[in-house]
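*Asks:* First, the structure itself, so that you have it in front of you.
FYI, it's all coordinate maths here, none of it is from the lab. Just so it is clear, the structure is predicted and the values come from calculations on it, not from any experiment. Methodologically, a virtual Cβ is constructed for each residue, glycine included, from the backbone with ideal geometry; neighbour enumeration extends over all protein chains shown.
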Number of protein chains: 2
Amino acid sequence: MSASTLSEVARLAGVSPATASRVLNGSARTPGPEIAERVRQAAASLSYVPNAQAQGLVKSKSGLIGLIVHDIADPYFSAIARGVQAAAREQGKMLLLATTNGTPAEECVAVAAFAARRADSIVIAGSRSIRPEDKNSNAELSAELDRYCRNGGRVGVMGHPVVGASAHECYHVVNVPNEELAAELVGKLAKIHSGTFLILGGPEGLLTSDDRIRGYQRGLKAAGLPPAEIVRTGFDRAGGYDAGLSLAKRILGGARHRHGVPQGAEARPCILAVNDVMAIGAVAALRSEGLRIPRDTLIAGFDDIETLRDFRPALSTVHLPLEDFGRLAALGGTSGGSADNEAEAGTTPAGRVMLRRSTETRALSQT
Amino acid sequence: MSASTLSEVARLAGVSPATASRVLNGSARTPGPEIAERVRQAAASLSYVPNAQAQGLVKSKSGLIGLIVHDIADPYFSAIARGVQAAAREQGKMLLLATTNGTPAEECVAVAAFAARRADSIVIAGSRSIRPEDKNSNAELSAELDRYCRNGGRVGVMGHPVVGASAHECYHVVNVPNEELAAELVGKLAKIHSGTFLILGGPEGLLTSDDRIRGYQRGLKAAGLPPAEIVRTGFDRAGGYDAGLSLAKRILGGARHRHGVPQGAEARPCILAVNDVMAIGAVAALRSEGLRIPRDTLIAGFDDIETLRDFRPALSTVHLPLEDFGRLAALGGTSGGSADNEAEAGTTPAGRVMLRRSTETRALSQT
DNA sequence: CTGTTAGCGCTTTCAC
DNA sequence: GTGAAAGCGCTAACAG
């Protein structure tokens, strides 16, 4: 017992499939006022559900928008996904989701799959990577994307253009001012913190991580401070934890000549993590080694992940309107509201530095 | 410049479209060894991408699996989504995502949309609701789902059967032992806590919430304790926060005759939240009112959300293998691995009670 | 093993 | 305003 078709509905209503189509799904030609009712009744009685695949086939578009993320369970990506989903709903489209673990190779197959499904547009949320080992995959990815674009697809990218892409006109990259905001964060921190800074970064070649690191260093320079040491680790909580463990040893070691714990502002470093989850991981590790935040170490993250908002000490970070980014990437140039949105990049919602407890320098006591 | 078609490839290779189809996409008949190469080359040179819509149309299946969640940015759902995504990948399918804010009405349109797209199966992750105002929507939802099933669709549901569904054979509900685990949690808590218990619940009629509440009460009874008072609020962080605010007043008020803060085990209630995010919200509110956990109030959650793992004090909760649940719901009876998985419900991965710092009764000091 | 012939379910000129 | 016919891109019988 398969789903009923348009022709069946038409037959039941005693009209041609063409007419049935016209009333059930919009058309330029408005069908007869009372014949329409007959069709609608027939459709209802047969509980007719139009076959989107067939519709898509003839119109050669699918009403699908594809989203590519590293990991949907990562709060950073799920926030973006929410925005993309909202945009999709506004346009009456559905969301196709692909996860890639951040590897360009898997991104490539995702794009191919989306292209095969004739997705109307695709959004790439994950950070681009230019690590040498990803070179080939990146080339394939950009080739796949360019082809998709040439065939009429639109692609929205967050943060960075796709490496090696050439069909620029159909890419819409939403600008994420990582470097500027990172610099700004450090600028504010430098005013209240007199000790050293230390950067907790992701693997080299991860563009988002690199941008933020560059911003941190730039901010330091602007404040008249020397560049900070960079500790490289995984771009996730686990990476932050691992790094936190070694850092704890260093901090404790460097202060061993005192009471086993460093004291005074001079001995207390400020860790600049390139994202919130790494910062949280580091905090967990530092604590497990007996250190306290912000007493023994200051720390700041990046992203302002919502689920982490009740974390204590409250994490200093850079708030990013992730959901809006997602919406923007999905909407692309499609925005038909206000007439003049020439300065596309200009309209992107900015982030905001949030200084909170984890970088408070006055309170030397408490957790 | 549109995408190239199979016929174009065939023509370029000098073969019939049928043959081209046979080599490019699997078929029973193995095509000629060297003619195959010609086709493959032609396909490559035209950068041919098969049209999944056309394929789906003729095979009347789409390779799509639909997932319905309340909110993809909620860590509970994003964990499930990861599991469903993994299952989809294993089966070579793609994931269609719909969000509904938990309203049966929107679930209904999502199901219709999935049906229209001829999704091979659909997974409903959100809690079912039997609130009176949802009655009509529920009826429509189950009608829509039953129709989808009758047309050959499979549906996986988490936790509870869809209210009013009748085509039972094509539903696969993955059993979430909410009540049992809730009772178990309380059982363990009752052994170490001698004060009162208080339940922080969601709106009445939300099945997941109701189950957990019932479990809590059952556990209390089993421990020889009276039923706990139930505070109803929203099933999310905001709900927890609001309730926490009023609870704080009560707790402080009840102890005002002492030092402004309750002291001793007797005065300290244990809050049983029906999920982690509510518990976290409540903790935030209690803290903002100057109360400390677990010194002044014990609290436990439910779900064991990963992103909350570094929260301090560590939250006592019930660990649920959310990702596995998602996988199971998506795989349904499709599992072809081991021969005898008769006791389907029996194989579902169980949850586990996790007693942590937030319900520690010995430490009366510290945050 | 390959090519020919029908459609899958729907939309859309084009006549009526 | 309505119907007839052609075809979207692909696969699945059939023949050859």
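*Asks:* How far apart, in nanometres, would the label points at A:Arg352 and B:Ser288 be if each is projected 7 angstrom from Cα along the Cα-to-Cβ direction?
*Replies:* Once both label points are built, they end up 1.6 nm from each other.
*Asks:* Another question, then. Tell me which aspartates and glutamates have Cα within less than 17 Å of B:Lys188's Cα, excluding those fewer than 8 residues away on the same chain?
*Replies:* B:Glu179, B:Glu180, B:Asp303, B:Asp304, B:Glu360
*Asks:* If you don't mind, there's one more thing I want to ask. To the nearest whole number, what is the average tally of beta carbon atoms from other chains within 10 Å of the beta carbons of peptide B:54-64?
*Replies:* 4
*Asks:* Using a label position 7 Å from Cα in the Cα→Cβ direction, what is the ascending list of nm distances from B:His319 to the same site in the other copies?
*Replies:* 3.5
*Asks:* Students often forget the sequence filter, so: which lysines lie under 20 Å Cα-Cα from B:Lys191 once same-chain residues fewer than 8 apart are removed?
*Replies:* B:Lys221
*Asks:* Going through segment B:271-300, which trypsin sites (Lys or Arg not before Pro) have at most 16 other Cβ atoms within 10 Å and a DSSP loop state?
*Replies:* Loop-located and lightly packed - B:Arg292.
*Asks:* On average, how many beta carbons from a partner chain sit within 10 Å of the beta carbon of a residue in A:280-291?
*Replies:* 1
*Asks:* Sticking with this one: For a quick check, take a GNM of chain A with Cα springs below 10 Å and name the residue from A:Pro269, A:Pro132, A:Pro177 with the largest mean-square fluctuation.
*Replies:* Fluctuation is largest for A:Pro132.
*Asks:* All other residues with a Cβ under 14 Å from the Cβ of A:Asn151 taken together, and with Lys, Arg as +1 and Asp, Glu as -1, what is their net charge?
*Replies:* +1
*Asks:* Ranked by Cβ crowding within 10 angstrom, fewest neighbours first, how are B:His70, A:His319 ordered?
*Replies:* Result, fewest neighbours first: A:His319, B:His70.
*Asks:* Can you pull out the trypsin sites (Lys or Arg not before Pro) in segment A:1-96 whose DSSP state is coil and whose Cβ has at most 10 other Cβ atoms within 10 Å?
*Replies:* Filter output for segment A:1-96: A:Arg29.
*Asks:* Aspartates and glutamates near B:Lys61 by alpha-carbon distance under 12 Å, same-chain residues fewer than 8 away left out - which ones?
*Replies:* Filter leaves B:Asp120.
*Asks:* If you take the square roots of the eigenvalues of the alpha-carbon gyration tensor of chain A and sort them as a ≥ b ≥ c, do you get rounded (a/c under 1.5), prolate (a/b over b/c) or oblate?
*Replies:* In terms of gyration-tensor shape, prolate.
*Asks:* Tell me the relative contact order for chain A as a rounded percent, counting alpha carbon contacts under 8 Å between residues six or more apart.
*Replies:* With pairs under 8 Å counted, the relative contact order is 15 percent.
*Asks:* Please compute the average number of Cβ atoms from other chains found within 10 Å of each residue's Cβ in peptide B:95-106.
*Replies:* Counting other chains' Cβ atoms within 10 Å and averaging over B:95-106 gives 3.
*Asks:* Can you bin segment B:62-174 into rounded, prolate or oblate? Criterion: square roots of the alpha carbon gyration tensor eigenvalues sorted a ≥ b ≥ c, rounded for a/c under 1.5, prolate for a/b above b/c, oblate for the rest.
*Replies:* oblate
*Asks:* While we're looking at this one, here's another question. Put a point 7 Å out from Cα along the line to Cβ at B:Ala267; what are the distances to that point in the other copies, in nm, shortest first?
*Replies:* Output for B:Ala267: 3.8 nm, nearest copy listed first.
*Asks:* Here's something else I'd like to know. Quote the relative contact order of segment A:6-58 in percent (integer), defining contacts as alpha-carbon pairs under 8 Å separated by 6+ residues.
*Replies:* RCO, segment A:6-58: 36 percent.
*Asks:* Give me A:His160, B:His168 sorted ascending by neighbouring Cβ count inside 10 Å, so fewest comes first.
*Replies:* With the sparsest Cβ surroundings first, the list reads B:His168, A:His160.
*Asks:* Pull out a ≥ b ≥ c, the square roots of the eigenvalues of the alpha-carbon gyration tensor of the protein assembly as shown, then state rounded if a/c is under 1.5, prolate if not and a/b is larger than b/c, and oblate in the remaining case.
*Replies:* oblate
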